[in-house]
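Contents: one structure, followed by commentary.
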Amino acid sequence: MNISNLIIILVIAVILIPAIKGTVTHMKGEGSCCGGPKEKAPKKRIAGKPVSKLKVQIDGMHCDNCKARVEKRLDELDGVVAKVKLSEKIAYVSLYKEIPESLIRDTITKAGYEVLSVEAL
């Protein structure tokens, strides 16, 4: 083995190790994929009992950033508190005032995800 082969192997190793580490992190849903740095959805609380609750099945969420993005966008709506279960790809949405289902669907769609179903709980 000559020096040039050794250098090539070293360069490939330097490139592959971070790539493999990043792939493993992404596949575990812990990466900051889907739009850059990690997002954190602030916890929103509303006093009183919800008027209704929805279970929304969402396609396209891959990581904690996706989860935080959906929660954040839904929580920006007046009278809405959302909790997303990434492993189930479901958003549990509590409505504290009458809000059309279409607004919930449109908000999730505008965030870049697909609503597969909405079920009243």
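Odds and ends about this structure:
- Residue match in the stretch 78-92 (condition: crowded, with 17+ Cβ neighbours inside 10 Å and assigned to a helix (DSSP H, G or I)): no
- Qualifying residue in the stretch 93-108 (condition: in contact with a Lys or Arg (Cβ under 9 Å, 6 or more places away or on another chain), loosely packed, with under 14 Cβ neighbours inside 10 Å and assigned to a loop (DSSP other than H, G, I, E, B)): no
- Hits in the stretch 109-121 - residues which are in contact (Cβ under 8 Å) with a residue 12 or more places away in the chain and either part of a helix (DSSP H, G or I) or charged (D, E, K, R) (or both): K110, E114, E119
- Every condition in (1) surrounded by 18 or more Cβ atoms within 10 Å (Cβ to Cβ); (2) outside any loop (DSSP other than H, G, I, E, B); (3) not acidic (D, E) holds for K53 except the one numbered (1).
Read-outs throughout are calculated quantities, based only on the coordinates presented, and are distinct from any laboratory measurement. For clarity, every value in this text was computed on a predicted model and none was experimentally measured. For neighbour counting, all protein chains shown are included, and Cβ atoms are generated from backbone atoms with ideal geometry for every residue, glycine included.
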